[in-house]
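The values are calculated or read from the model by the stated rules, or taken from the named source; none is laboratory data. For clarity, every value in this text was computed on a predicted model and none was experimentally measured. Glycine also receives a Cβ, built like all others from the backbone with ideal geometry; neighbour counts cover every protein chain displayed. Surface accessibility is based on the protein's heavy atoms, side chains included, excluding ligands, DNA and RNA. Shrake-Rupley method; radii C 1.70, N 1.55, O 1.52, S 1.80 Å.
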Amino acid sequence: FFGLMFNDLGPMGDWANGVTSVLLQIVVIGILYRTYSIERSEAQRAQFESGFQGLIRRYEESVSSMRMSHGVVLQGRAVFAHIEPRLRQQIESAFVRGNWIELHSGIENDDTFGDWQRVIKAVHSYCKEDEYASNHFARYVKYLRGYLSKAEARVLLYYFSSKPESSSTAKFFAQHDLFLYSGIRAEDKALFKKLNERFIEVHGVTIHPTK
């Protein structure tokens, strides 16, 4: 069409035909590239989310499989509800005594939480290593956050607070507000302040950076 339109213009028409042809090719290439980029992004998203859902299922399984005897047998999330107050007291004590290494070692080596800890670390590793996830961290951490009970979020916060050295996993989750619904900030401002200072000191980030 454009060729016929410019045919009667002589050399100028040839030039116009050439320019038009190049512009059309650029437009077509742009459309094809955008289509490819969208399809590639969708494929990456589907692949990542499939693996991420697998980790969420593993997380749920690790929580459901927890057992603890305390007069009666506690199972699943009831274990976190039972252990959170005790761990909280140990954290409060550590702020006075400074026995962070001892406290962290006790949590780290507790078989009750072994698989749970491994899944949490696996989620971080999976997100950090995936090209697609690198632009969507907040979305998937928010998704994980929805699976955590208040007690789970608190135990995880205490666990990371007890670490004597900086942890990229703790920093990653804090930066993306995994502990947002732990409730400590509203219920115990003094403890929250100490935990926040601890996080800044050890991990270089506040507990709720977006707040």
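Structure notes:
- DSSP H segments from the chain that extend 15 Å or more along their own axis, Cα-based, with Kyte-Doolittle mean of -0.5 or above: 11-64, 77-97, 150-162, 189-203
- Descending semi-axes in Å of the chain, equivalent ellipsoid built from Cα gyration tensor: 55, 19, 13
- Length-normalised contact order for region 61-211 - Cα pairs under 8 Å, 6+ apart - percent: 23 percent
- Calculated translational diffusion coefficient of region 142-182 (37 °C, 0.692 mPa s; Stokes-Einstein with Kirkwood radius over alpha-carbon pairs) equals 318 µm²/s.
- Carbon plus sulfur fraction of accessible area for the chain, probe 1.4 Å, in percent: 55 percent
- Less than 5 angstrom separates the built amide H of Met66 from those of Gly76, all sequence-distant by 5 or more or on a different chain.
- Take every pair of alpha-carbon atoms less than 8 Å apart whose residues are at least six positions apart; their mean separation over the length of region 97-173 yields a relative contact order of 52 percent.
- If you wrap the tightest convex hull around every Cα atom of region 40-93 and split its volume per residue, you get 90 Å³.
- Spin-label proximity, Glu61 to region 133-155 - amide N less than 19 Å from point 7 Å beyond Cα toward beta carbon: 144, 147-148
- Inter-label distance, nm, simple model (7 Å from Cα along the C-beta direction), Ala138/Arg97: 4.1 nm
- Binning all Cα-Cα separations of region 135-211 at 10 Å, short to long from zero, yields these whole-percent fractions: 21, 58, 21, 0.
- Listed by chain and number, the lysines placed with their C-alpha closer than 24 angstrom to that of Lys142 are Lys121, Lys128, Lys150, Lys163, Lys171, Lys189, Lys193, Lys211; residues fewer than eight positions away on the same chain are left out.
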